[in-house]
Structure formats: structure tokens, C-alpha cells
Amino acid sequence: MSAKVLDGKQIAKDYRQGLKDQVEELTSKGYTPKLSVILVGNDGASLSYVKSKKKAAEKIGITSEIVHLDEDTSEEEVLKELDRLNNDDSVSGILVQVPLPDQVSEQKVLESIDPAKDVDGFHPANIGKLYIDEQTFVPCTPLGVMELLNHADMDLEGKNAVVIGRSHIVGQPVSKLLLQKNATVTILHSRTKDMHAHLKDADVIVSAVGRPGLVTKDDVKEGAVVIDVGNTPDENGKLKGDVEYDEVKEVAGAITPVPGGVGPMTITMVLNNTLLAEKMRRGIE
Ligand code: GUN
């Protein structure tokens, strides 16, 4: 049996329509959400990613600006720019695109974002809140993964969820969100001894390592839900996931394609969090 394809493009489109309606309602009350993105340097992938975020924001009525700084901008200047945005009352959400050039400490910059405007959920205060189950900004890719899982027709309670990768941006926060849904969560990483045995026991697999071909059909239990966060460009620039899609589709119960799976959901959740930031500071909901 062929898996249900979790169409991230369509799910994102529907979700964004819901956000658009909420933005309209807020705007009618005089509060228009605004997303400010700081980009340092000219990395092609980062530039196109940041432009997509701006375009997606504007499409649903969120105002957006890109603060584009030169590759050789000093840490002090980046922090000054960030301080300006932290104190600008017209700005609801701030996102600093990573990676940053070597002369700028990522940790220092991320810790300098006002936690109330931290729509990426990268500030230690927000990470801490997530781990004690307080309402907060949750990183966007993990939020997008959970929304895709909502469309997989599987109650996660008591299920074996296996996450491959332990990054701070994806692997660890998504594990926490799965735990909040009462799944039994296992995190696999580069030192894991028998990856195959863990995967074979999984009802849900979330792969977030960026290694094409990592998950094959022999790893996947019949009917398992497979979410592929990998997006590695091949030699022709075509994006490849971690999962051997064509063969895994034949055994999985549901699966995300790459591209068109997790990617559109991440941007959607940046918009979601920007709207949330505006609502929170206005004391709405
Ligand atoms: N670079 C790659 N992914 C992300 C992300 O989700 N947020 C930010 N700020 N930078 C990124």
C-alpha cells in the first residue's frame, strides 16, 4: 500500500489562510503585525530564504522588512541594530538569520533578542519555557513538523516516536513537542549504536540530519509516519531529503516529500509566531 502524502504546500496554504483572517482582524483593531529580519552577508541560500519569509508575510498582511548588513559588519554593529529593533514599538517579531559571519557571535546575538519578540524561539529564556511546558515561542521547523503530524491521522499518545538528529533548532525541540503529545521519544544521533533497530520499532520517524539516503524502506515499519526534515542540495541544486522517498512511500502510512513537505511549513510557523508576538504584547487571547 502506498503512503498518504502529507502535502506541505497545501497544508501550509490552508494554514496561512487562517492566519490571514486573524491578521485582518488584528489590523482592523489598529494592530498590524510586523516582522523584522536581520541578514548579515550575502549567502545565496540565506538571502533567498529571507526573501521568501518577507514575501509570505506580506501576502497575509504582515508588514515585513529585511535589515541587510554587509558581510564584514562588526558584532557591535549587529547588536546595535538589534537593540534598535528591540526598542522599536512598530516591530512585533525579530528573526536573525543564521549562520552569521565568524566575527559575530551567534550565541551573543541570539541572547540579545528581546524574548518577547523572539519568533524563532532561539532565546535561552524561550527554550527554558518550552522545557517546563510554559507557553512560549517554539522554533518554527518543529512547529511545522507537528502540524504535518496533525494531518497524519495518528494519535501520538503512547506511540514510539524516533527523532534522528539532536540539533537545538530541530531534533531536540521536536522531541520535546512529541513528548508533550505523550509519545515515547527516542533521539538517535551520530553515536547511536544500532540505528536500524530503533527505526524498525518506530511508529513515527522524524529525520533531521541532512544526509540523503539515510532512511530506507528496510528501516521503516509498515504503516509508520515518516517526516523528512532533510533538505540537502545535490550537484544540480535539487533538494534531497534524508529519506529514500520512492521506496519508503510503499511501506509508510504517511510521508512528507522533499521539496514540498516540511519547508513550506517552517515559513508558515514564522508567520504564526509573528502573529502570536503581536497578540501577546497587546494582551489579546
Ligand atoms: N537558518 C536556517 N534555518 C533558520 C531558522 O529557522 N531561523 C533562522 N533565524 N535562521 C535559520
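Things to note:
- Hits in segment 128-162 - residues which are surrounded by fewer than 23 Cβ atoms within 10 Å (Cβ to Cβ), over 19 Å from I205 (Cβ atoms) and either free of Cβ contacts under 8 Å to residues at least 40 places away in the same chain or within 16 Å of the ligand (Cβ to nearest atom) (or both): G128, K129, L130, I132, E134, Q135, T136
- Total residues in segment 23-72, condition within 16 Å of the ligand (Cβ to nearest atom), touching a residue at least 12 places away in the same chain (Cβ under 8 Å) and of a type in the set (S, T, Y): 5
- Scanning segment 245-285 for residues that are touching a Gly at 6+ places or on another chain (Cβ under 6 Å) and not hydroxyl-bearing (S, T, Y) returns G253, V258, G260, G261, V262, P264, M265, M269, A277.
- Candidates S105, S112, S90 - the one that is touching an Asp or Glu at 6+ places or on another chain (Cβ under 7 Å) and touching a residue at least 12 places away in the same chain (Cβ under 8 Å): S105
- Filter result (among the small types (G, A, S), loosely packed, with under 15 Cβ neighbours inside 10 Å and either more than 19 Å from G41 (Cα to Cα) or within 14 Å of the ligand (Cβ to nearest atom) (or both)) within segment 73-123: S90
- Of the strands (runs of 3 or more DSSP E) entirely within segment 166-285, those holding at least 3 residues that are over 18 Å from the mean Cα position of the chain (by Cα) occupy 184-188.
- Output for segment 223-263, where each listed residue is surrounded by fewer than 20 Cβ atoms within 10 Å (Cβ to Cβ), under 24 Å from H198 (Cα atoms) and among the acidic types (D, E): E244, D246, E247, E250
- In segment 163-177, the residues that are of a type outside the set (S, T, N, Q), surrounded by fewer than 24 Cβ atoms within 10 Å (Cβ to Cβ) and touching a strand residue (DSSP E or B) at 6+ places or on another chain (Cβ under 6 Å): R166, G171
Readers should treat all values here as calculations from the given coordinates under stated rules, not as data from a laboratory. Values in this document were obtained by computation on a predicted structure and should not be read as measured data. Heads up, the Cβs are rebuilt from the backbone with ideal geometry, glycines too, and the neighbour counts pull from every protein chain shown.
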